[in-house]
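**Student:** One structure, as structure tokens, below. Some questions next.
The values are calculated or read from the model by the stated rules, or taken from the named source; none is laboratory data. Since the model is a prediction, treat every value here as computed from it, not as a measurement. All Cβ positions, even for glycine, are placed from backbone atoms using ideal geometry, and neighbour counts span all protein chains on display.
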Amino acid sequence: MNRNSINLILALGTLFLVAGCFCNSDRNTGSTRDDGPVFSNSSQPASNKTASKPSDPNKKSDSGDFLVDHEDVSTPKYVEIDRQIKDEKLLEKAASQLNAALSLPEDITLRTKDCKEANAYYDPNDSSVTMCYELMEHFYASFRSNGSNEKDAYSQMFDAVRFVFLHEIAHAIIDKYKLPIIGNEEDAADRCSAYINLEELGQDGVKAILAAADAFAIESKRNANAKKNMADEHLLGEQRYYNALCMVYGSNASKWEKLVTDGYLPKERAVRCPTEYQKTVDAWAGLLGPWRKN
């Protein structure tokens, strides 16, 4: 296997092991809980879990699971990577850890695949979150084209993928929990990812947000002369860039003052970021609270 394949496998390992921190109230106890694989292949029957009634009346009942679906890979360069993912049970571990953290009203399926495009998405039609191998390669190429050496580009890729994975998980739980999102859902998913990264993952979470911000900036520069798609549901890359920086700065203004003094975040926006971040924390903590386990 070549170096690129090995590094992509490591990226996926980082991506799915991060799920163990997602909304996990045991994160400060040193727990390494792993309930084992949920499903090992797509032929496994769907969950027929009987809804469990929580003892706390404010908690939601748990009648679904994060499941795993392994599809066949047709792109030759991804076959070995896909085999390693199955052998290491990376998706199964992510599903297990997410199931330990969150209650679900219905099943949500996790998958990786070759999509023939650089993409990641939540599909409400089959309740699935898909991470495409092409997106990971796209991130790596983008960071390399921006001047990062090979090692740094892989590191940035890992971090950006973490942000995107949690963004897509946010779409899934917005749908399944029927959350009242006032405003643009794509922005809400970005802010949910930022909230989880900053509140649950510490410095690794900060790196994920900053890597995503860099990716937004690179794409914006690359498409500077292209016509903007103002009808798209996503915010413009420039807006996502500044929103990401605002979340990091707002989480600890004194620690991240350099974002302002070095000219990355305008002072006019920065002054509002601590309040903006606290509103994000309050909103997502309240929305996810009834669904947290433990």
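**Student:** Just checking, does the range 173-195 include any residue being under 16 Å from the mean Cα position of the chain (by Cα), in a helix (DSSP H, G or I), surrounded by 23 or more Cβ atoms within 10 Å (Cβ to Cβ) and at pLDDT below 90?
**Tutor:** Within the range 173-195, none of the residues are under 16 Å from the mean Cα position of the chain (by Cα), in a helix (DSSP H, G or I), surrounded by 23 or more Cβ atoms within 10 Å (Cβ to Cβ) and at pLDDT below 90.
Yes/no per residue for (1) among the hydroxyl-bearing types (S, T, Y); (2) more than 19 Å from D204 (Cα to Cα); (3) at pLDDT below 95:
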| site | (1), (2), (3) |
| --- | --- |
| H234 | no, yes, yes |
| E238 | no, yes, yes |
| N252 | no, no, no |
| W256 | no, no, no |
| E268 | no, yes, no |
| V271 | no, yes, no |
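**Student:** May I ask you to verify whether V164 is touching a helix residue (DSSP H, G or I) at 6+ places or on another chain (Cβ under 8 Å) and farther than 23 Å from G202 by Cα?
**Tutor:** Details: touching a helix residue (DSSP H, G or I) at 6+ places or on another chain (Cβ under 8 Å): yes; farther than 23 Å from G202 by Cα: no.
For V164, the condition - touching a helix residue (DSSP H, G or I) at 6+ places or on another chain (Cβ under 8 Å) and farther than 23 Å from G202 by Cα - is not met.
**Student:** What about D126, is it free of Cβ contacts under 8 Å to residues at least 60 places away in the same chain and part of a helix (DSSP H, G or I)? It would help to see each step written out before you state the result.
**Tutor:** Numbers: free of Cβ contacts under 8 Å to residues at least 60 places away in the same chain: yes; part of a helix (DSSP H, G or I): no.
So D126 does not fit the description; no.
**Student:** Within the range 270-294, track down each residue that is aliphatic (A, V, I, L, M) and either under 20 Å from the mean Cα position of the chain (by Cα) or under 29 Å from F66 (Cα atoms) (or both). Before you say what the answer is, go through the steps one by one.
**Tutor:** Initially, the range 270-294 is screened for residues aliphatic (A, V, I, L, M), giving 270-271, 281, 283, 285, 287-288.
Passing the criteria: V281, A283, A285, L287, L288.
**Student:** Quick check: is even one residue across the range 197-205 crowded, with 20+ Cβ neighbours inside 10 Å and under 9 Å from the mean Cα position of the chain (by Cα)?
**Tutor:** Checking the range 197-205: at least one residue is crowded, with 20+ Cβ neighbours inside 10 Å and under 9 Å from the mean Cα position of the chain (by Cα).
**Student:** Quick check: is even one residue across the range 170-190 on the phi > 0 side of the Ramachandran plot and of a type in the set (K, R)? It would help to see each step written out before you state the result.
**Tutor:** Going through the range 170-190, the residues on the phi > 0 side of the Ramachandran plot turn out to be 178, 183.
Going one step further and asking which of them are of a type in the set (K, R), we end up with 178.
Scanning the range 170-190 turns up at least one residue that is on the phi > 0 side of the Ramachandran plot and of a type in the set (K, R).
**Student:** Does the range 234-269 hold any residues that are surrounded by 15 or more Cβ atoms within 10 Å (Cβ to Cβ), among the β-branched types (V, I, T) and over 19 Å from the mean Cα position of the chain (by Cα), and which are they?
**Tutor:** Result: V260, single match.
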